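Here the structure comes first, spelled out in structure tokens, and everything after it is commentary.
The values are calculated or read from the model by the stated rules, or taken from the named source; none is laboratory data. Keep in mind that this is a model prediction, so the values were computed, not measured. All Cβ positions, even for glycine, are placed from backbone atoms using ideal geometry, and neighbour counts span all protein chains on display.
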């Protein structure tokens, strides 16, 4: 395409080894071309733009200095990996990012040997890198071999406890490995906590006011024996009030901070580390998220996640919708209740914007808490708030809640504390793929004694469930809702408190009953229209609750119909399994009831549009129609009835 950038040097790169042919001056120009290509590609696909732009020079330097895939570069979260993918033989597919049958938006082991470890959630890279380093020293054998292990982790991800657990272990083992702290002061939300303050002070003091000049002064020391260079860098840092002592106490040799956008600094530092390091090294680099693209640099989130956009104007091409987003419905409903109840407070883990709690923070800043990338702490913190008489709403994505499951069990459920879990991104989420699909929360929450589990069928139901959670003080309660816009139903002025464990009838019919849990209800309605043309009129009900079940409703549906079908946006072991347990205990199967449960299949579904993902899952309207016909023994068009 004529509007794509001219990239004569990048055109010569088929694999990272090709970077060895370039001079340092040419690597500077290559970085500029790589940045332009990244912007161009993401403008066509959407995705995580700012993070990748922030590590362009670092990506070039790492692949120029190290010998990948033998040397393992492990990107934490890995949403910053687009430039890495371009340099590692995937440039011809880079404009399929996050699309069906295209490249993943994250590193993925099955996609390339240059992706030694998959990611998508944060703070795992140091643990994985240590695993490679230990395996190397134990003689581990994989086809491409094992050389150096390099973890690239952001300052936001470094705030998670898992990162420190890994560093403590690595420092104890004294294995040669490299951790690059990519400090851009801009995780998805502004980093919080003592660590971020510590990192800020590292370069806010007078000796580092002119960061570039000071860093170059440190680099000039490095061609000397590494130990001497490290010693002098350490002494210079100790002239400040803090220095690198935190990391050194964990057993790492600390070097930095240096300018992560200056290849004249990065290349000699990395070359020296590669030549002389013997134990664990932490290199502290300072970068700017969205670097080199003004529209990303000036955005509040530095272009963290973008839709397709115009490269010249930066304007994103989003499809307008008349229906409100589920996340905003939750946030506004919670604000309405918080205005009347000062016990209501909110907790999130580094996702105030994504969960809608940025709106809460604007109005009630003293009652909202962003705990950073620390879901375990966030859950137990919420439990403490609840034990002290507050009404905490712990708002997390479904997949992020997985990280706090032990705390949900031990600190919340066993103590029957009334923590309200607002579970965003339930079900299949589209371009982020399997790593962000909210598939398992119903199964892992509904098996806990005393836990109430709800799923909203539409945005109006979500408003009712927020009201229900506010009023529920007898133990923990959770409600789940998907990403994106609602269905466009009429919204109530105020949410109603639902009776715990009671569903609702949607339509009366005959022969087959469909019991829906969650937003597949709209697909059920579409399927019923098609079935009506065949003279089949299913009964439809909205369960609302997976725990406790509406026993009376379920047993009534089973008694009045020859078949019962449940449908949900969750994995095996969830709502449908609980219904089956009830039917078995009550002996309903002995009466000849035909029971079917439509759930997410026992596979991880790759990225695509949500509709395409649900087609793979077999949970769209046509699949529901087919299931009804099959269970009733009705032949479909083009088939003979057996």
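Some observations on this one:
- Counting only residues that are under 16 Å from residue 420 (Cβ atoms) and crowded, with 24+ Cβ neighbours inside 10 Å, region 334-354 holds 5 of them.
- Residue 160 vs. criteria closer than 16 Å to residue 252 by Cβ, surrounded by 15 or more Cβ atoms within 10 Å (Cβ to Cβ) and touching a residue at least 12 places away in the same chain (Cβ under 8 Å): no
- Residue among 583, 564 that alone is surrounded by 15 or more Cβ atoms within 10 Å (Cβ to Cβ), assigned to a helix (DSSP H, G or I) and touching a residue at least 12 places away in the same chain (Cβ under 8 Å): 583
- Restricting region 50-60 to residues that are outside any loop (DSSP other than H, G, I, E, B) and touching a residue at least 40 places away in the same chain (Cβ under 8 Å), the residue that is surrounded by the fewest Cβ atoms within 10 Å (Cβ to Cβ): 58
- Hits in region 3-21 - residues which are over 32 Å from the mean Cα position of the chain (by Cα) and over 20 Å from residue 68 (Cα atoms): 3, 6, 7, 8
- Selection within region 126-157: residues that are within 23 Å of the chain's Cα centre (by Cα) and in a loop (DSSP other than H, G, I, E, B). The member of this set that is surrounded by the most Cβ atoms within 10 Å (Cβ to Cβ) is 156.
- Among the residues here, residue 389 qualifies as more than 21 Å from the chain's Cα centre (by Cα), modelled with pLDDT of 95 or more and not in a helix (DSSP H, G or I).
- Failed item, numbered, when residue 3 is tested on (1) surrounded by 17 or more Cβ atoms within 10 Å (Cβ to Cβ); (2) over 22 Å from residue 264 (Cβ atoms): (1)
- The lone exception for residue 100 - which of (1) assigned by TED's automatic domain parsing to the domain that holds residue 289; (2) in contact (Cβ under 8 Å) with a residue 40 or more places away in the chain; (3) on the phi < 0 side of the Ramachandran plot it fails: (1)
- Residues in region 269-298 that are part of a helix (DSSP H, G or I), surrounded by 19 or more Cβ atoms within 10 Å (Cβ to Cβ) and in contact (Cβ under 8 Å) with a residue 40 or more places away in the chain: 269, 270, 272, 273, 296.
Okay, residues lined up against (1) within 22 Å of residue 97 (Cβ to Cβ); (2) outside the structural domain of residue 293 (by TED's automatic domain parsing); (3) free of Cβ contacts under 8 Å to residues at least 12 places away in the same chain; (4) part of a helix (DSSP H, G or I):
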| site | (1), (2), (3), (4) |
| --- | --- |
| 4 | yes, yes, no, no |
| 11 | yes, yes, yes, yes |
| 14 | yes, yes, no, no |
| 25 | no, yes, yes, yes |
| 28 | no, yes, no, yes |
| 31 | yes, yes, no, yes |
| 37 | yes, yes, no, yes |
| 62 | yes, no, no, yes |
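- Taking the criterion of being surrounded by fewer than 24 Cβ atoms within 10 Å (Cβ to Cβ) and on the phi > 0 side of the Ramachandran plot, the only residue of region 503-521 that qualifies is 511.
- Exactly one residue among 135, 160, 151 is under 22 Å from residue 286 (Cβ atoms) and out of contact with any helix residue (DSSP H, G or I) (no Cβ under 8 Å at 6 or more places or on another chain), and that residue is 160.
- Number of positions in region 322-379 that are under 18 Å from residue 304 (Cβ atoms) and in a strand (DSSP E or B): 3
- From the options 369, 360, 381, residue that is buried (at least 24 other Cβ atoms within 10 Å of the Cβ) and in the same structural domain as residue 469 (by TED's automatic domain parsing): 360
- Members of region 64-87 that are under 22 Å from the mean Cα position of the chain (by Cα) and either farther than 13 Å from residue 152 by Cα or part of a helix (DSSP H, G or I) (or both): 82, 83, 84, 85
- For residue 24, the test of being surrounded by fewer than 21 Cβ atoms within 10 Å (Cβ to Cβ), over 21 Å from the mean Cα position of the chain (by Cα) and either at positive phi or at pLDDT 95 or above (or both) is passed.
- Qualifying residue in region 160-168 (condition: in a loop (DSSP other than H, G, I, E, B), on the phi < 0 side of the Ramachandran plot, outside the structural domain of residue 378 (by TED's automatic domain parsing) and within 21 Å of the chain's Cα centre (by Cα)): yes
- Region 531-555, residues that are exposed (fewer than 15 other Cβ atoms within 10 Å of the Cβ) and at negative phi: 532, 533, 534, 551, 552
- The set of residues in region 434-463 that are under 20 Å from the mean Cα position of the chain (by Cα) and in a helix (DSSP H, G or I) comprises 434, 435, 436, 441, 442, 443, 444, 445.
- Test: residue 571 is buried (at least 19 other Cβ atoms within 10 Å of the Cβ) and within 29 Å of residue 402 (Cβ to Cβ): yes
- Filtered residue count, region 392-424, keeping only those that are assigned to a loop (DSSP other than H, G, I, E, B) and free of Cβ contacts under 8 Å to residues at least 60 places away in the same chain: 5
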